[in-house]
2 protein chains.
Amino acid sequence: MAAEAVTICECFARDGLQHEEAFIPTETKVAAIDAFVALGFRRVEATSYSHPKYVPQFADADAVLQRVSRRPGTRLKATCPNLNAVRRAIAAQDAGHGPEEISLLVSATDSHSKRNLNRSRGEQWELVEAMAAEGAGRFVMVGTISVALGCPFEKQVPRARVLEDARRMAAAGVRHIAIGDTVGMGTPRSVRALFEDLARAVPDCTLIAHFHDTRGTAIANCVAAYEAGARYFDSAFGGVGGHPTKIQYGEGYTGNVCTEDLVAMFEGMGIDTGLDMSRLLDVARDCETMLGRTLRGMVTRSGLGLLEGAAAHV
Amino acid sequence: MAAEAVTICECFARDGLQHEEAFIPTETKVAAIDAFVALGFRRVEATSYSHPKYVPQFADADAVLQRVSRRPGTRLKATCPNLNAVRRAIAAQDAGHGPEEISLLVSATDSHSKRNLNRSRGEQWELVEAMAAEGAGRFVMVGTISVALGCPFEKQVPRARVLEDARRMAAAGVRHIAIGDTVGMGTPRSVRALFEDLARAVPDCTLIAHFHDTRGTAIANCVAAYEAGARYFDSAFGGVGGHPTKIQYGEGYTGNVCTEDLVAMFEGMGIDTGLDMSRLLDVARDCETMLGRTLRGMVTRSGLGLLEGAAAHV
C-alpha cells in the first residue's frame, strides 16, 4: 500500500544546538549541515540570525551559510527573531549565500511570549507582520506558533487562538505554518484535532509539525499529525534541542522528536522520506561524535530491523 | 469526549526484572508489587515459575506471591514456562497464595522459539496445549505470542501465522491473547493491521498489546492498537525489561513501553487508566530507587503538565 511521502526538516544545527553550553566550531556545523544535505533532506534548519550577545552559539550565522554546500531542491532555513535579522538574511541573499527559508516566531500565550521573546503577543505580532512584509517575495517564510499544544505557564491553550494565529500568518503572506509543541504537552488526540481544524482554517498553507519529546509522545504525535494530513515534519538527530532547564520553561527536558527514530518508523510504514537509509545511522553516530555524548536515538543502538520486520505488514 | 477506558498490566516485577544482573531482594519485589496494587493496577505481572537454575531472579516466586498484599479486583500474573510451572501455580493456589493469572508463551517464528524457549514451535505448541488443559478453570490464562510483529532472526513474520496462533490459543481455551512486539519491530501501521485482523479472527478473546520500545515506536504503537480496538496494555515503570544483549536477540536494547509515559498520555487523551495519578510519579521514582539508576520515563523528569495542557483539546 503506497502512502504519501513526507518532507522532514533537520533541525539539529539550529534548534538542536541553540542550548548547547559549548560553542560548536563553525567547521563542525558546516560538516553537519553538509551531511544532512547529502543524506537527502530537502529542508535543513541551518542557523539563526539572533544577536550574538543573546545567542552566542550562532555568532557564526553568516560564516555557516557562506561555507555550506548547496544542492538544488534543498532549502536552508534561518531563524529570524527580529527585523534586523530579516535584513541580515536579505543582505546575505544579495551577496549570494542567503537562506532560502526564514522563520518568524509567535507564542500562542502571552506568558510564554514575554518569557521567551521578551515582548507581549501584541508587540510580537506587529513585529512579525513587519518582518513578513520585508521578507515577502524573497524567502519561503515559515510562521512558527510556539506552545500551540500547551504552555508551561498557562497550561491550556485555546485551540481557537492557534487557528486565529494561523489565519493571521496566512494574511501576512506566510504560506508555511509550523505548529510548535514546545514543551511536549500535546497528545495524539489534541494533535489530530488541531491539525484537522488547521487544514480547514488555512487551506492554502503547508502545515509543519514541530514537536518536542518532553513527555515521550512526540513520535505518536507525528503519526497523529500525519493521519490528519500533515506531510511536513521538523526533527533533530539524537532528539537534541529545546530548553533543558526548569528556569526558562517551568519543567524539564524538551528535545526535538528524534530524526533517526522518526525516519525509521515512517520508512517502516511505507512512507517515503526521500533519505538515504543506508547512511542514516552513520549520520546519527556522527552527530553523537560531534557533541561528544550518547544522544537519544533508539535505532542508533538497536538498528533498522524495523524496516524489514514491518515490510510484511505494509 | 469520553473515550473507552484501558486496563494496564504493570510488568516491572517480572518482564522488567528478568534480566537484571543483581538479584532483587524478595522484600523489594513485594514492596514494588504492593505499590502497584495500591496505585490501582487491576493486573500486575508478579513473578515467574521459571526453574531457578535458568532464571535465578525468580527463585523467590513462591515467597513473593505468599507475601504480597491482595486487593479485590486485582489479578496477579505469573509466567509459566512449562508444565511443572503450572503445577507449582496450582499448588500455590491450593495453599491460598496462587496467582490469578498465568501466562503461556509461544513464538511466532521457529528460530525465536528455539533460541528463546529451546524448543521448536511444534514442541512448544504441544506443551502449551497441555499447560492450558492443566490450568483450565483455575486461572485466567494469557497466551502470549512473541515476535508477532517482527523477529530478530527471521525478520518478517507472516500475519497469517499470528492469526493462526491466536485461533489455536482460543481453541486451547485461552481467552486472553497478548501480542508481543518483543524487539520493537512493529509500526503503527503493522500494529493496526494486525489488531484489526485479530479482532475478526478471535472475536471472543481479549487482546493485550505487549510492546517493547526498542526503536522508539512503542507509545505510537499503543495508540494504534487502541484505535484498532485494544483496551489491554502491558507496560513497565521506567521502560525496564527485555534483553539488553545482542547475543540473545541479534540487536540491542528492548525495554517494555514505559508505564508512566503511557499512562500520562492516555489520561491526557481522556482515556481513563483507573490509576491514582497523584501518586504515579512517586511510584516511578521509587522504581528508580529500587534499581539504583535513572530509568527511561520522560514524565518522571518533565512532570505531568501534559494532562493540563491537553485537557483543552479532549
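The values are calculated or read from the model by the stated rules, or taken from the named source; none is laboratory data. Being a predicted model, the structure only gives us computed values, none of them experimental. Counting neighbours? That spans all protein chains shown, and the Cβs are built from the backbone with ideal geometry, glycine included.
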*From A:101, A:4, A:21, grab the single residue that is more than 15 Å from the chain's Cα centre (by Cα) and under 30 Å from residue A:160 (Cβ atoms).*
A:4
*Check residue A:94 against each of (1) surrounded by fewer than 21 Cβ atoms within 10 Å (Cβ to Cβ); (2) in contact (Cβ under 8 Å) with a residue 24 or more places away in the chain and name the one condition it does not meet.*
(2)
*asked:* Name the residue that is nearest to the other protein chains (Cβ to nearest Cβ), counting only residues in the range B:155-178 that are part of a loop (DSSP other than H, G, I, E, B) and within 18 Å of residue B:231 (Cβ to Cβ).
replied: B:174
*Restricted to the range A:108-153, and to residues that are under 15 Å from the mean Cα position of the chain (by Cα) and among the small types (Gly, Ala, Ser), which residue is surrounded by the most Cβ atoms within 10 Å (Cβ to Cβ)?*
A:148
*Does residue B:55 meet the test of being crowded, with 16+ Cβ neighbours inside 10 Å, of a type outside the set (D, E, K, R) and at pLDDT below 95?*
yes
*Being without any contact (Cβ under 8 Å) to a residue 12 or more places away in the chain and of a type in the set (Gly, Ala, Ser) is the filter; apply it to the range B:125-164 and report the residue that is farthest from residue B:195 (Cα to Cα).*
B:137
*asked:* I'm trying to understand the selection: among the residues of the range A:1-44, which are of a type in the set (D, E, K, R) and assigned to a loop (DSSP other than H, G, I, E, B)?
replied: A:4, A:20, A:21, A:42
*Boolean, residue A:65 is at pLDDT 95 or above, surrounded by 22 or more Cβ atoms within 10 Å (Cβ to Cβ) and among the aliphatic types (A, V, I, L, M)*: yes
*How many residues are among the aliphatic types (A, V, I, L, M), part of a strand (DSSP E or B) and farther than 24 Å from residue B:298 by Cα when one looks only at the range A:179-207?*
1
*asked:* I need the full set of residues from the range A:194-229 which are surrounded by fewer than 24 Cβ atoms within 10 Å (Cβ to Cβ) and within 12 Å of chain B (Cβ to nearest Cβ), in order please.
replied: A:195, A:196, A:197, A:226, A:227
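Scanning the range B:18-36 for residues that are farther than 14 Å from residue B:259 by Cβ and aliphatic (A, V, I, L, M), which turns out surrounded by the fewest Cβ atoms within 10 Å (Cβ to Cβ)?
Ranking the candidates gives B:22 first.
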*Residue by residue through the range A:61-104, note down the ones that are in contact with a Cys (Cβ under 8 Å, 6 or more places away or on another chain) and either closer than 15 Å to residue A:30 by Cα or assigned to a strand (DSSP E or B) (or both).*
A:77, A:102, A:103, A:104
_Just to be sure I understand, how many residues within the range B:185-205 are over 28 Å from residue A:222 (Cα atoms) and touching a Gly at 6+ places or on another chain (Cβ under 9 Å)?_
1
_I'd like the residue in the range B:267-302 that is within 9 Å of chain A (Cβ to nearest Cβ) and within 27 Å of residue A:301 (Cβ to Cβ) and, out of all such residues, is surrounded by the most Cβ atoms within 10 Å (Cβ to Cβ)._
B:299
